[in-house]
Each structure stands twice: as structure tokens, then as C-alpha cells.
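J.: Can you keep this structure in mind? I'll have questions shortly.
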Amino acid sequence: MRNMRNMRATDLINRLPSCFARAGAASCALGLIFALGLYASPQTAKAQDAIVTSEPTFRAEHAGKSIYNGNPVNIFLAPEIATIHSSELVAVDGSWIIEETQPWGRDVPLERGIFILKRMNPEKVGFLAALSEDSFEGGTAVRGKNYDFAHVSFSASATTTHAISFSLPYLGAAGVPSGLYGLFVAEVPATKLTSDPETGDGTTSEFTDEDMEKILAGDPSYAYVYAPIRYSFPAGFNYINDGPPPCAKDCFSNVLFLPGIESSRLYRAQVVGNEEKKLWEPGVNDELRDLWLTTEGESIRDVYTKENDVVDELPVVGKNIYKSLISKMDEMKTQEKIKDWKAIPYDWRLSLDDVLSYGNNVGGKIYYSGNNRATSTPYIIQELRRLAKNSKSKKVTVIAHSNGGLVAKRLTEILGDEASQLIDKMILVAVPQVGTPMAIAAGLHGYDQAHLGGLITDEEDARTFSSTTPMIYNLMPSAGYLAQVKDAVVKFEISLALSDWIDNYGNLIRSENELRDFLTGYFGKVDAKTGDIDQPIKMNYSMLTDAEEIHAMLDAWTPPDGISLIQIAGWGVPKTVSGITYKGKKGGGVKPEMEFTIDGDGTVVVPSALWTSASASTTNYWVDLATYNKIGNKITHHSLLDIDHGSILEVEGLEKFIADVITNSTKPLTDYEHLSNASPESVVKRLRYALHSPLTLDLYDDQGNHTGIATSTGQVEENIPGTYFVQFGDTKYIFADTGTPQHIVMSGYDTGTFTFEIGEMQGDTVVASTTFADVPVTPQTQVRFDVLSGIGSASALSVDTNGDGTVDSSYASSTGQLIVPEAPPAESTPAPSGGGGGIPSLLPQGTSTVSVVATTTSVIATTTPVVANVLQQEIATSAIPVIVDNQIKKPIQVAIKVPLKKKNNVIATSINKESKPNSQVASVAQATNGGLWLWVRHWIMNTIYSLLKL
């Protein structure tokens, strides 16, 4: 047996040159000492035959500290012996994560592979690798006292990461002294050979953990047992007990929460007296005006926010915004899972740099603007440092929603290297990292910005306010977004009416330069407050370019070293704006129509929310809001209100996931409802109703639930599961799922005409549609339309013109058709008001013709204006239109007569195409009281086009 050991030792000595090349001098020197010990030491004569190998190499992490058994940078250098201080540990437990950096080179099953962690005898360091009994602290190896081992398996072809728990007294625990530790890999044999010292006969038996324990303890009876064990080079570290660690249980980071735009309450002091006035949430437009900024983006008044004063729920409707998140963080603090957390209110009107440069806390009032804003310790940075210092882990997990994510990303850039010292995780929820198209509509038209149906804040005031606030510019689609997303964010319909717009801006806007020219150009723009809400305003050039500079940095941002990033996007809200298409408006000017996508949360499109490239430190998740907002889930969650961008943190599965991320205890994704790591699929068909008119638009189900504007509060109701309502001027949209009966009710509030469009959607694709165009309406008009399932089950459109309860006109629905009713004589046609139709009548005034045109026919974009063709038909005198097959017949050219109506808004024509310093530009259409020049141009172009067709 001794000869066998000497052969093993000789073999090892012969292999040392190659070892030096692979593992480094120090580690191989330890192996050499071990070999000499095998050869010459009488103590080692009792030990089992051992083989030392330079494989595998590994990195082990425990309580925030890492050790190596090979140099991680240069394999020809030995690893340094690490030093671990008890005061620096982030946990007191036996958990280790061991990652192989080089495979073993052979397959080792679970029962034969082990990791050994031991406390070593400092006086016997020379025999470290021998693992003989006197190399253990205390002289004798006692499992659970000065060593422990755990079983693992190894692969010959791939590295593996192992999660192991050792039962040694925990580092950082009271009474555990300083000392020298070693961590080894070992491969034990499947069997052992026991020889009879008298006869020399051998017996083979299974090798067990008990055998390993006796071998390590130097049991004398094992002098005649042959069981060769392969050992790796050790990973050693000095443990210094210099006081208790900052945390012994639930060593999780504190939390800093950054809310989104309009989610921090804002105040100002009263001019007279010591009282204060709450400016946000707004009460009336006068209060909103107190929030207006100068053209340089500076606050006119001294506005402040207050500590912890973020919006928990909306007034009037009581919709939760951050209520559940606040409750969960308070609960985690009470349970002492985290030591502290802070919701950080900030003045969301301002630029990102102003928010991070100011924030002076004066008695709980936090000033980011005005005379009191100056400070050497900006509030957000001050709170981050405070939370980190007080944290069990000495770091902070940052949760950021919407615009708060832009603040968080910019914060790390300002902090530089300090960011990695203060932050361990960033969780970005529904963050418009590279902007979102809705910001264009909000800035130019006040889209979806009115509060309480305009009773508190109307769209004109909203766009006046937003156009002077840096926040809206930070949300504009950036150069990165425009380069990545193929679809144009702004389109102009090819038509004579928009030819001057196209001359100035082009018909497709899909680059940063094109968008900047359109947003800041003078042509066709109106005054923000007094101009028609359908007409765009001129945006601030300086603020836009400032935002472009910020995005040039943020678009390329990656999480700093040591910070893990989780990006979460909301999906399945079909009212998410993906772009704007401008069409000609009756009377002149443009009529904006929103383009929508299901790939978003109602505000932020998914590509922007998941912008930062996925990597080892970045993971992406989707929240399926389409499924969450269905009836079954609403009953489960005890709320009829839909979840969208603003309230996404109220999703229970997401709330649980975030809490588990904070406590490093995430479970399989199946444990978190509606959360996935891949984009959900749109498998259910949906309906989209669009009404361009001076009528209300209300949807009811068979149970009487309502979606639309509530007459009692003036607020939007979305009480039918899976439905959404949007209003923009006189245009209203309702989005609903198919499969259940739906009842549309429309009530007139002005005189004019209306156009009602129904589209059946699969994803973002219209698979079927019907349009009723230019139907007359009065303030007494009542309209009814029913859909049992999909668009194919739609009823006729019933119109009670005078509100006497009798149906005066009924228009049969037909898939794929545009239905235009019989037109009255020209002299009796009232001048349209309140928005008219989104699709103008293609018939001359004064005819008694009904036209049905298939909506599947489209005009191909071209730089040459196209004149509409209408098929001449034999029409009965009934008010019910006749549906005619889309047959190919020789078309006749029909001129479009524009109704005469004087406007106080700017209409774009060839006369005002030149840039002018005054945005309130006059137009020929106004000067001629109704667009005479436009009519003449149409007539000329139509005639030329007809001659060319002959």
C-alpha cells in the first residue's frame, strides 16, 4: 500500500511542470508540499491515496464575497488568498454559490462529486492539500465543527453553477473566531478495497460518506483501505472576525421609488396668509395655470412638493395608482424584511437635470424650482445615500415607474462610479426609455390630457401647459426609437387638401430631423390656447433639442457594473397610440386621427419599455393587461376599473414579483399571474368603434355596465370588462372584445354630420370594417347600434333624428362598405359644426344620390394628388342606402364642395407655407369665408385628371 502511495506522489511530482503552466506557482507549490507529504510523512501513511488535479477551476461566492481557486484574469498567476471580514458580510448563513470556470474534464455523478469546506490548522498549512487529520483546526476532523462537505455532479463538457449549503458554524455568527479556510472539489471512488494485513486478501465494497469522514479523521483502521480520491487545488481565504455583520437575517436592500409624471402632488403658498394651495391634482384650469412654465422651462411660481406625497389613488373615481405598492413596502418594512423605503416626490414638470440638481427640503417642503431650490445636497441623491447607509445590504433597490425611469437612468450617469456603490438593482416599470408616440399627440393637440371630461382641465389648457414643460419633450420619440421602429410616427394622407402640408413636412415623418422640423415648424400651426384643437401647435425648439441631447446619452445607457436591471412592459391595451395620420378637414385644415397598437400599456409602446438590450445583467418581462382586465379577473381583484399605464403597479402578480426580487426569492414565473418573459399573443378578435361627430358615444352590455363618459361625474367609465374609452375633441373611440353582446348609444349635442367607423381587429390588423359616413345629426338625435358578437352580427344603424322615440332612418350594416346616406338639397343643408365627419362625403352638394363605396379600396401613396372616384349608381328614393357590389365601372369625376363656415383657426394653404415668426398665421381659406381657392384648385385638378384618364 505504501508503494502505491509513493507511486501516486511520484506521478504528481512528474506532472508539476504542466501544472505550473495551467494553475500558477502558488497553487502548484501547495500540490508539491502535498506530494512530499505523501512520500515522506509517517502521518500521511495512514491517509488514503490522493490525486491532486488542476481541474476544475471555480469561483465561489458567499454573503457578498468571492474567492477563486484559479486566477480569474491570468491562468499563469496564482490566485491571491482572499480576506473576508465579518463586518462586511451581507448575510449570516451557510449558503454558497459555486460557479465552475473550467469543467472537470470528466463526468462525475452526484454520489461521487463533493465540495469540502474546512477550517485549517494554521500551524499545519504546509499540509493544506493533504487533508490529513492534523491539518484541521483543533487537530481532529469533526464534521459540522471544522469541516463539512456536500455532494454535486460534474460534466465533462460544460461548466455548472452549484448552490450549496455547508453546516459549519456560520461566518459572522457570534463566537466564530478568525481563521484560515479552504474550499476544495473532490471526486470519491465508487468502491473501496479493504486488505487483510495478515493474508493480503482484499474485499471490495461501496464507498460511503462514513468512509470519507473516517478518512478525513485519520481513522487508523483505514491504513489498509485503498480508496483513491481526486482533489482540486484549494480556494483559500483568511476570515477576520472584526465585529458583527450589518445584517444577520433578511439582509435585503432598502427601496427607493421614483414615480411617473403627474404622480407627485404639487403646491404653492397662498399670496395672502399662511395657507397653501394644492396645484396638482388640479381643481380648475386656474390652478393648472399656476403650474405653467416660461419658454425656458422655468417655473413662474415657487412650487414645491412634500415628503412621501405621491399619488396613491385618483380623486373622484378612486382609481388606485400606487396604493398597493405603498402598502406592500410599508408591510415589508413592518416585517423587518427591509429596514426602510422612500417614495420620492419630485417636480415632474422640469428637466431631468433640474430634478437631480435641486430639491431643497425646507421643513418637509421640497423645492425643485423658485428661490428656495438651491442646495448642495439635491433631495433625490441625498435620500439615496441615506437609504444605502441605513440598508442591511448597504445598497438600495430602485423601483421606477414611467418618467421615473428616465430620472433613475440619468441619476446613475450623474453619480458615476458611486452608482454601483449605492444601488444593487433597478426595476423599470413601463418606462418610455426612448419616448412614445402618444407624446406627439399630447404635445400638439392635448390628446388624452383633459380631466373630468374637460370640466377641470380642457385639452386647450392641457396642451398649452405641456408645450412649455420639459417633461413632454423628454417623452417624444427619440432618434433611437425612430431608427428602430419602422412605422412612421406621423403621416399625411395624400390629397390636394394636404398638399401644402406635404410640401412643408413630407408625407411620412420617421426620422429625428423630420420630427423636429414638424414639431417646431411654423406652417399651419395655431395658438395653443385659442386655436382649434385639431390643428397642431408649434413646439419649443430649444426644449426639444435639449431633450434630444439627453436622449443621445440615455438611448445608449447600460446598467453600471454590479447593478442588475429588470425591465417590465405592459401589453394588451389597444388604445396605445403608435402614430398620427392627418387627413383633410371639412372647411380646411387637418383632422388628426390616431393610429393604435395593442403592443403597449395604453401610453408606452413595448419597444420603448424594453429598450435596454437584454444581457447577463438585464432581464425583460411583459405584463398581460389584456387578460388581466377581463371580467373574471376584475371580480377576483374586486375592481371594475381597467389597469393601464398609470395603474400598472396595481397588478397583483407584478406586485408579488417585485417584492420577491427585493428579497432575492423569485419563484417560477407561473407563480406570478399575468407576468411572462415573452410577448403575449393576440388571439382574441377585438372591436374598435370610432365616432367623428357632435354626439356622445356610450357602450352598454346586457347587464347594464357602461363604458364612456359618466353623466354624473364627467369622468371616463370603463365598467365593461376589456373595454377602453378615449375622447379627443369631437372624436371618440371605444375598444372592446368580441364575443359578448354590445349596445352602442349615441346622443347628439350639436348640428352637423357624423361618421361612425367599426373595425374588427386581429392584433393590429383590421380584418373587417364598416363605415357610416356623413349622417345628419341635431342636438335631439339619438342613434342605436348593436353587435352580438363580431362585426358580422352587427345590426342596422338606427337614427332617431328629432328624439321623439321613432326611428327616422335605418342604415343596414355591411362588412367592408362605406355607407353614405341620401344627401338633402344644398339650400337646406345646415353648416356642419362640432367636428363633422372624419371621412368627408364624396358627393356634390344638392344631389339626391346614395353612394356605397367599399372601404377595402385604398389610395396608394404618391407625390401626385389623387382625385376620389365615386361609382355612379341607380338609387331608390328611400333614406336607407342600397348596398351595391364593388363592380368595376367607368367612373365619373366628382368635385368636393367644402361647406362654408368661418373659422377662427389657422388653416394651412399655399399662402402661409413660408415660415413666419407669428404662429397665428392667417389663411386664404379664412379670408374667402370658406375655402373658395381650395374649391377652385380641386376643380382644376379634377378636370386635368379626367382628361388624362381619357
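J.: Condition test on S393, is it surrounded by fewer than 23 Cβ atoms within 10 Å (Cβ to Cβ) and under 15 Å from M471 (Cα atoms)? Break it down stepwise before answering.
T.: Details: surrounded by fewer than 23 Cβ atoms within 10 Å (Cβ to Cβ): yes; under 15 Å from M471 (Cα atoms): no.
Judged against the criteria, S393 is not a match.
J.: Can you confirm whether the range 451-461 contains a residue that is within 30 Å of V398 (Cα to Cα) and buried (at least 22 other Cβ atoms within 10 Å of the Cβ)? So that I can check it myself, show each step before the final result.
T.: Let us first name the residues in the range 451-461 that are within 30 Å of V398 (Cα to Cα), namely none.
Looking for residues that are within 30 Å of V398 (Cα to Cα) and buried (at least 22 other Cβ atoms within 10 Å of the Cβ), one finds none in the range 451-461, hence no.
J.: From the set of residues in the range 370-390 that are free of Cβ contacts under 8 Å to residues at least 60 places away in the same chain and in a loop (DSSP other than H, G, I, E, B), which is surrounded by the fewest Cβ atoms within 10 Å (Cβ to Cβ)?
T.: Going through the range 370-390, the residues free of Cβ contacts under 8 Å to residues at least 60 places away in the same chain turn out to be 373-379, 381-382, 385-386, 389.
Restricting the remaining residues to those that are in a loop (DSSP other than H, G, I, E, B) gives 373-378.
Details: R373: 23, A374: 10, T375: 18, S376: 6, T377: 13, P378: 21.
Per the criteria, the residue is S376.
J.: Here's another thing I want to ask about it. Quickly run through the range 391-415 and pick out the residues that are in a helix (DSSP H, G or I) and of a type in the set (G, A, S). Spell out the reasoning first.
T.: In the first step, residues of the range 391-415 are kept if they are in a helix (DSSP H, G or I); the result is 403-415.
Those that are in a helix (DSSP H, G or I) and of a type in the set (G, A, S): G404, G405, A408.
J.: In the set V777, V783, V807, V767, which member is over 17 Å from Y689 (Cβ atoms) and hydrophobic (A, V, I, L, M, F, W, C)?
T.: Details: V777 fails: over 17 Å from Y689 (Cβ atoms); V783 fails: over 17 Å from Y689 (Cβ atoms); V767 fails: over 17 Å from Y689 (Cβ atoms).
Exactly one residue qualifies, and that residue is V807.
J.: Moving on. Give the residues of the range 156-195 that are free of Cβ contacts under 8 Å to residues at least 40 places away in the same chain and at positive phi, sorted by residue number.
T.: Of the range 156-195, the ones free of Cβ contacts under 8 Å to residues at least 40 places away in the same chain are 169, 175, 191-194.
Passing the criteria: only G175.
J.: In this structure, is D312 under 30 Å from T469 (Cα atoms), modelled with pLDDT under 95 and out of contact with any His (no Cβ under 6 Å at 6 or more places or on another chain)? So that I can check it myself, show each step before the final result.
T.: Details: under 30 Å from T469 (Cα atoms): yes; modelled with pLDDT under 95: yes; out of contact with any His (no Cβ under 6 Å at 6 or more places or on another chain): yes.
So D312 fits the description; yes.
J.: Any residue that is at negative phi and part of a helix (DSSP H, G or I) - is there at least one of those in the range 428-437?
T.: Let us first name the residues in the range 428-437 that are at negative phi, namely 428-429, 431-434, 436-437.
Those still in the list that are part of a helix (DSSP H, G or I) too: none.
There is no residue in the range 428-437 that is at negative phi and part of a helix (DSSP H, G or I).
J.: Let me spell it out: the conditions are (1) over 29 Å from the mean Cα position of the chain (by Cα); (2) under 23 Å from S608 (Cα atoms); (3) among the aromatic types (F, W, Y), and W571 meets all of them except one. Which number is the exception?
T.: It is condition (1) that W571 fails.
Every residue, every condition in (1) at positive phi; (2) assigned to a strand (DSSP E or B), yes or no:
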| position | (1), (2) |
| --- | --- |
| S665 | no, no |
| T670 | no, no |
| S679 | no, no |
| V684 | no, no |
| L687 | no, yes |
| G708 | yes, yes |
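J.: Related question: Taking the range 664-674, which residues are crowded, with 16+ Cβ neighbours inside 10 Å and out of contact with any strand residue (DSSP E or B) (no Cβ under 6 Å at 6 or more places or on another chain)?
T.: Applying the first criterion (crowded, with 16+ Cβ neighbours inside 10 Å) to the range 664-674 yields 666, 672-674.
Within the range 664-674, T666, Y672, E673 qualify.
J.: Another question, if that's okay. Counting only residues that are closer than 17 Å to E593 by Cα and not hydrophobic (A, V, I, L, M, F, W, C), which one in the range 491-505 is modelled with the highest pLDDT? Working first, answer last.
T.: If we filter the range 491-505 for residues that are closer than 17 Å to E593 by Cα, which is where we start, we get 491-495, 497-498, 501-502.
Filter once more, so that each one left must be not hydrophobic (A, V, I, L, M, F, W, C): 491, 493, 495.
Numbers: K491: 97, E493: 94, S495: 90.
Ranking the qualifying residues of the range 491-505, first place goes to K491.
J.: Hey, another quick one. How do the pairs read when you match residues in the range 667-696 that are farther than 22 Å from W622 by Cβ with residues anywhere that are acidic (D, E), using Cβ under 7 Å and keeping only pairs 6 or more apart or on different chains?
T.: Short answer, once both residue conditions are applied: L687/E760; A690/E757; H692/D730; S693/D730; P694/D730; P694/D750.
J.: Okay, next question. Just to confirm my filter: which strands (runs of 3 or more DSSP E) fall fully inside the range 481-588 and include at least 2 residues that are crowded, with 22+ Cβ neighbours inside 10 Å, of a type outside the set (F, W, Y) and touching a Pro at 6+ places or on another chain (Cβ under 7 Å)? Explain how you work it out, then say what you get.
T.: Values: elements: 490-492, 564-571, 576-584.
It comes to 576-584.
J.: For the subset of the range 689-701 comprising residues that are over 12 Å from V745 (Cβ atoms) and part of a strand (DSSP E or B), which member is nearest to the chain's Cα centre (by Cα)?
T.: A690
J.: Here's a follow-up. Can you confirm whether N633 is surrounded by 15 or more Cβ atoms within 10 Å (Cβ to Cβ) and modelled with pLDDT of 95 or more?
T.: Details: surrounded by 15 or more Cβ atoms within 10 Å (Cβ to Cβ): yes; modelled with pLDDT of 95 or more: no.
No: the conditions fail for N633.
J.: Suppose we keep only residues that are under 24 Å from the mean Cα position of the chain (by Cα) and among the β-branched types (V, I, T) within the range 462-480. Which one would you say is surrounded by the fewest Cβ atoms within 10 Å (Cβ to Cβ)? Before you say what the answer is, go through the steps one by one.
T.: If we filter the range 462-480 for residues that are under 24 Å from the mean Cα position of the chain (by Cα), which is where we start, we get 466, 469-480.
Right, trim to among the β-branched types (V, I, T) and you get 469, 472.
Working: T469: 23, I472: 25.
Top of the filtered list is T469.
J.: Of all residues in the range 678-697 being out of contact with any Ser or Thr (no Cβ under 7 Å at 6 or more places or on another chain) and not hydrophobic (A, V, I, L, M, F, W, C), which is modelled with the lowest pLDDT?
T.: The qualifying residue modelled with the lowest pLDDT is S682.
J.: Name the residue that is surrounded by the fewest Cβ atoms within 10 Å (Cβ to Cβ), counting only residues in the range 335-362 that are part of a loop (DSSP other than H, G, I, E, B) and over 24 Å from the mean Cα position of the chain (by Cα). Give the derivation first.
T.: To start, the set of residues in the range 335-362 that are part of a loop (DSSP other than H, G, I, E, B) comprises 335-340, 344-351, 358-359.
Okay, now just the ones that are also over 24 Å from the mean Cα position of the chain (by Cα), so 335-340, 358-359.
On the way: Q335: 9, E336: 11, K337: 18, I338: 26, K339: 20, D340: 15, Y358: 22, G359: 26.
Applying the filter and picking the extreme gives Q335.
The values are calculated or read from the model by the stated rules, or taken from the named source; none is laboratory data. In this text the structure is predicted, and so the values were computed from the model without any measurement. Positions of Cβ are backbone-derived with ideal geometry, glycine not excepted, and every protein chain shown enters the neighbour counts.
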